[in-house]
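A short write-up of the structure that comes next.
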Amino acid sequence: MKLGIIADTHDQVARTARAVAVLKAEGAEALVHCGDLTGPEVVFECGALPAYFVLGNNDYDEVGIRAAVEAMGGVFLGKGGFVGLAGRRIGVTHGDSAAEVGRLLAAGPDYLLYGHSHEPADDRDGPTRLINPGALHRARAWTVALLDLRADALRYLAVR
């Protein structure tokens, strides 16, 4: 199963639509948004795939974002939570809270997906692979990530 990972869209609705199209074209079967949507409009652009969402430090309209996620049939994880896909346990948070990152890491997931820094990253913390897809706003290059959960293979994709 291929998982699209996106973060820090910051109300860039058209850019988010392009990013989702890139991920779908590369075979993404589901999508995780690691926060800083900024508004509910971005949620609907992610609805082309089964999608999971967390809130970031710029997501002030929690009620609107939650309602949009529910309306498009997505899964709302609040500030952080877990998703099970393809036999893998995946933690998701925005990355702005060290306490939340620590809480999720303590559970020993296969992956921890996060955003916040606007920089792509691929690291390990014990058994957990930590992945940041980059950002679609305030970044040197706009990027998303595609993770093949069965092969444990990660690719960063440019969004133009």
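The values are calculated or read from the model by the stated rules, or taken from the named source; none is laboratory data. In this text, all values refer to a predicted model and were calculated from it rather than measured experimentally. Neighbour counts run over all protein chains shown; Cβ positions are idealised from the backbone, glycine included. Ligands, DNA and RNA are excluded from the accessible area calculation, which covers all protein heavy atoms including side chains. Shrake-Rupley method; radii C 1.70, N 1.55, O 1.52, S 1.80 Å.
Here are a few things to note about the model shown:
- Those trypsin sites (Lys or Arg not before Pro) in region 43-92 that DSSP places in a loop and that have at most 12 other beta carbons within 10 Å: none
- Region 19-160: mean projected area of Cα convex hull, nm²: 7.8
- About the centre of its Cα atoms, region 1-41 shows a dipole size close to 180 debye [charges on the beta carbon of Lys, Arg (+1) and Asp, Glu (-1) only; nearest 20 debye].
- Per-pair calculated FRET efficiency, R0 = 25 Å: Arg140 and Glu41 via Cβ, rounded to 0.05: 0.50
- Inter-label distance, nm, simple model (7 Å from Cα along the C-beta direction), Phe82/Arg124: 2.2
- Solvent exposure of the chain amounts to 41 Å² per residue of accessible area, where only protein heavy atoms count and the probe is 1.4 Å.
- The Ala17 and Ala107 beta-carbon pair, evaluated with R₀ = 35 Å, returns a calculated FRET efficiency of approximately 0.55.
- Summing Lys and Arg as +1 and Asp and Glu as -1 over all other residues whose Cβ lies under 9 Å from the Cβ of Glu26 gives a net charge of +3.
- Neighbourhood net charge (15 Å Cβ-Cβ; Lys/Arg +1, Asp/Glu -1) for Arg140: +1
- For the chain, size of Cβ-based charge dipole, Lys and Arg +1, Asp and Glu -1, in debye: 400
- For region 106-132, backbone nitrogen atoms closer than 14 Å to the point 7 Å from Arg155 Cα along Cα-to-C-beta are found at no residue.
- Ala25/Tyr60 FRET efficiency (R0 45 Å; Cβ-Cβ; nearest 0.05): 0.90
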